[in-house]
Amino acid sequence: MAMRLVGAVSEGSGAVNEDGWGFAGSEGDIEAAWVFDGVTGINGRNYLPGGSDAQWLVGGAHGHLLKLAGSTAALPAIIAILVERLIGDWREISAGLELPADYDPPAACLVLVKRFGETWQMARLGDSCLLARADDGSHRIVAASPNNAFDNWLAREAEKRRAIGVPDVKRLLDEFRPQLLAGRRARNTPGGYSILEAAPAAGQSAEYLDLGGPSDILLCTDGFYRAVDHYGLLGDEELLEACGAAGGVRAMLEQVRAAEAADPECKKYRRFKPADDATAVMLRKHP
């Protein structure tokens, strides 16, 4: 089932945007589409080229998907090859680096959709979101965070620190580094959560979903999905509808940024960071 690109947006919350997006095919006939959400680094400094270590991984993975996503390979095979190539990239780039023993390697969330004949399928690593609507009006929502309990605890602890005058995110990251590092070591393990990284286990950790023949698909990172789960600006179905309008994804991001700007100390809406990188890609079936 042919789909076209309705709109896309990607905007960082600071100097470096660690999100990314792309597609295979043409804007009028999308074969595959994806969004990345680079994981915020906790190493104290960057070791890899580019704006950040996470941005390095996102850029490399994007380049590989540009070559892989349009192939006839099944999604598990594409994910496996993507991880294999990232392992090669990491082996090459890290060969001359002196990394600390507790180095936290770069990682990213990925949600990828691809057309196979008349149907679409999804692969996901991490907590980026997919919202899809079928011709009969039914919806498929894949938006659950794989680490929600820890994220909620982290937001509550950050709220306490801000109340006593510790508003800086870098200082919060430094303080909570041991807990963050422990959580990240559970990546791609039984009982842990999935993530895209240059490690063999990532190739076996993705979740897959058959979407059938959707009329609309929205892919977005959690920074964009804050419109629903943090700020309550609208619900899932309303988000899909809003992003399907002309200029809708950009307008939605502006609403997210306005909500963040109106609550810089995270008092009204509890969260760890006042703002986050945000990316969305909206696809629609040809009329």
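How high is the relative contact order of the chain, given as a whole-number percent (alpha carbon pairs under 8 Å, six or more residues apart)?
29 percent
In a GNM of the chain with a 10 Å cut-off on Cα contacts, which of Cys266, Cys220, Cys109 has the highest mean-square fluctuation?
Cys266
Among Asp236, Asp276, Asp37, which one shows the highest mean-square fluctuation when the chain is modelled as a Gaussian network with alpha-carbon springs under 10 Å?
Most flexible of the set in this elastic network: Asp236.
Is any helix in the chain, taking whole DSSP H runs, at least 27 angstrom long along its axis by alpha carbon and on average at least -0.5 on the Kyte-Doolittle scale, and which ones?
On the way: long enough: 75-94 (28 Å, 0.93).
For the chain, where a helix must reach 27 Å along its axis and average at least -0.5, the hits are 75-94.
When only Cα pairs under 8 Å and 6 or more residues apart are kept, what is the percent relative contact order across the stretch 1-155? Present the calculation step by step, with values, prior to reporting the outcome.
Details: 224 pairs, mean separation 33.5, N = 155.
Taking the mean separation of contacting Cα pairs over the length of the stretch 1-155, I get 22 percent.
If neighbour count is taken as other Cβ atoms inside 10 Å, put Leu253, Leu99, Leu234, Leu112 in order from fewest to most.
Working: Leu253 21, Leu99 11, Leu234 15, Leu112 29.
Ranking Leu253, Leu99, Leu234, Leu112 by Cβ neighbours within 10 Å, fewest first, gives Leu99, Leu234, Leu253, Leu112.
Compute the orientation-averaged projected area for the chain from the convex hull of its Cα atoms and round it to one decimal in nm².
The Cα convex hull of the chain, projected and averaged over all directions, gives 14.4 nm².
I'd like the trypsin sites (Lys or Arg not before Pro) in the stretch 1-74 restricted to DSSP loop residues with at most 11 other Cβ atoms within 10 Å, sorted by number.
Arg45
If you stretched the chain out fully between Ala251 and Ile87, how much longer would it get, using 0.36 nm times the residue separation minus the C-alpha to C-alpha distance?
The span from Ala251 to Ile87 would gain 55.3 nm if fully extended.
Scan around Phe116 for amide H atoms under 5 Å from its own, H built in the peptide plane at 1.01 Å from N, and keep only partners 5 or more places away or cross-chain.
Excluding prolines and chain starts, which carry no amide H, the hits are Gln121.
Can you give the FRET efficiency to the nearest 0.05 for Ala74 and Ala201, using r as the Cβ-Cβ distance and R₀ = 25 Å?
Working: r = 19 Å, r/R0 = 0.78.
It comes to 0.80.
Find, among the trypsin sites (Lys or Arg not before Pro) in the stretch 206-287, those assigned to loop by DSSP (not H, G, I, E, B) with at most 12 other beta-carbon atoms within 10 angstrom.
Values: sites: Arg226, Arg250, Arg257, Lys267, Lys268, Arg270, Arg271, Arg284, Lys285; in loops: Lys267, Lys268, Arg270, Arg271.
In loop regions of the stretch 206-287 (DSSP not H, G, I, E or B), the sparsely surrounded trypsin sites (Lys or Arg not before Pro) are Lys267, Lys268.
Put a dot 7 Å past each Cα toward the Cβ at Arg171 and Glu157; how far apart are the dots in nm?
If labels sit at Glu157 and Arg171, their model points lie 1.7 nm apart.
Among Ala251, Ala15, Ala69, whose mean-square fluctuation peaks in a Gaussian network model of the chain (Cα, cutoff 10 Å)?
Ala15
Can you sort His230, His62, His139, His286 by how many other beta carbons sit within 10 Å, fewest first?
Values: His230 21, His62 16, His139 13, His286 10.
With the sparsest Cβ surroundings first, the list reads His286, His139, His62, His230.
Output wanted: per-residue J couplings in Hz (rounded whole) for the stretch 196-212, from phi through Karplus 6.51 cos²θ - 1.76 cosθ + 1.60, θ = phi - 60°, x for Gly and Pro.
Once θ is set to phi - 60°, the couplings for the stretch 196-212 become 8, 8, 7, 8, x, 4, 4, x, 10, 9, 5, 9, 10, 8, 8, 8, x Hz.
In nanometres, what is the gap between the two model label sites at Leu99 and Ala186, each 7 Å from Cα along Cα-to-Cβ?
Simple spin-label model gives 2.2 nm for this pair.
Neighbour counts of other C-beta atoms within 10 Å: give me Ser205, Ser215, Ser71 arranged from fewest to most.
Ser71, Ser215, Ser205
In debye to the nearest 20, how big a dipole does the chain give about its Cα centre with +1 on each Lys and Arg Cβ and -1 on each Asp and Glu Cβ?
Its charge dipole is roughly 420 debye.
Coordinate-derived values only; no laboratory data. Source: prediction; values computed, not measured. When we count neighbours, we look across all protein chains shown, and the Cβ atoms used for this are built from the backbone with ideal geometry, even at glycine.
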